[in-house]
Amino acid sequence: MHDDVDRVLFSRDAIAARVAELGQAIADDLDALADHPTEVMLVPVLTGSMVFVADLIRHLPHKLRIGVMSVSSYPGRSIESKGALIRGGLPDDLAGKHVLIVDDILDTGQTLTLVRDIIAEQRPAEVRTCVLLRKDREQARSFPVDYVGFDIPDEFVVGYGLDYNDYYRNLPDIVTLRTEALR
Ligand code: XMP
């Protein structure tokens, strides 16, 4: 295990099992749309969701497209949200589509609010949201989200795509860090 890790919240095996379940739930809902000629567009919110979305889409055998967006809210060495800012991307052909926004973690809800509102301006047929993690805090609990992987304590976590100052995204487990590593 990496020296900076304090404890493992979810092992790679637990994540894989839960992502498979989430994929199945989303796939079942997409199947229910099968009679509709409407296209499905996944919108991963980068950079944190990159590992999650790579695993998730391989549980979705449907015809779908992917249009990434880049949003930052924890720039550099922050462990508190500095407010969501769109850094790039945003697919511009979402009118009439079924959109699924995929993010790594729901914390204050600012990122999903921003992304959802911007996407809604294009008048998609429907917008759903999927997060791998949801923190145990009022703003996160009250945000309407369609698919949640795991509920976690209100702690800063890294690994499986999540970072601190852009490090630790490559850790296969979701972990907390030792205080000394958060400098
Ligand atoms: P909001 O507050 O907008 O947060 O719901 C969503 C974005 O903030 C980042 N975030 C974290 N990143 N460990 C991280 O590595 C965390 O514990 C954490 N909490 C929030 C993340 O980019 C997410 O998309």
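The values are calculated or read from the model by the stated rules, or taken from the named source; none is laboratory data. It should be emphasised that the depicted structure is a prediction, and the values quoted were computed from it without experimental measurement. As a convention, Cβ positions derive from the backbone with ideal geometry for all residues, glycine included, and neighbour counts pool all protein chains shown. Just so you know, the surface numbers come from the protein's heavy atoms only, side chains and all, with ligands and any DNA or RNA stripped out. Shrake-Rupley method; radii C 1.70, N 1.55, O 1.52, S 1.80 Å.
Just a few scattered comments:
- Among the conditions (1) in contact with a helix residue (DSSP H, G or I) (Cβ under 9 Å, 6 or more places away or on another chain); (2) more than 9 Å from the ligand (Cβ to nearest atom), the only one that Val175 does not satisfy is (1).
- Residue tally, condition open to solvent by 30 Å² or more (accessible area, probe 1.4 Å) and within 8 Å of the ligand (Cβ to nearest atom), over the range 130-154: 1
- Every residue from the range 63-79 that is more than 10 Å from the ligand (Cβ to nearest atom) and more than 19 Å from Glu155 (Cα to Cα): Lys63, Leu64, Arg65, Ile66, Gly67, Val68, Met69, Ser70
- Each residue in the range 11-39 was checked for being outside any helix (DSSP H, G or I) and either open to solvent by less than 20 Å² (accessible area, probe 1.4 Å) or modelled with pLDDT of 95 or more (or both), and 1 of them qualify.
- On inspection, Leu64 fails the criterion of being within 13 Å of the chain's Cα centre (by Cα), over 23 Å from Asn165 (Cα atoms) and among the aliphatic types (A, V, I, L, M).
- Of the residues making up the range 51-62, at least one is within 12 Å of the ligand (Cβ to nearest atom) and out of contact with any Pro (no Cβ under 7 Å at 6 or more places or on another chain).
- Residues within the range 80-129 that are part of a strand (DSSP E or B), open to solvent by 50 Å² or more (accessible area, probe 1.4 Å) and out of contact with any Lys or Arg (no Cβ under 9 Å at 6 or more places or on another chain), tallied: 5
- Pairing each residue of the range 129-158 that is of a type outside the set (Val, Ile, Thr) with any residue that is in a helix (DSSP H, G or I) and open to solvent by less than 80 Å² (accessible area, probe 1.4 Å), provided the two are 6+ apart or on different chains, yields C-beta distances under 6 Å for Leu132/Phe52; Arg134/Ala140; Tyr147/Leu22; Gly149/Arg18; Gly149/Leu22.
- Filtered by the rule that a residue be assigned to a loop (DSSP other than H, G, I, E, B) and out of contact with any strand residue (DSSP E or B) (no Cβ under 9 Å at 6 or more places or on another chain), the range 47-77 gives Pro61, Gly76.
- Residue pairs meeting the criteria (Cβ under 8 Å; at least 6 apart or on separate chains; first under 14 Å from Phe52 (Cβ atoms), in the range 16-32; second open to solvent by less than 10 Å² (accessible area, probe 1.4 Å) and assigned to a helix (DSSP H, G or I)): Val19/Phe52; Val19/Leu56; Leu22/Leu56; Gly23/Leu56; Ile26/Leu56
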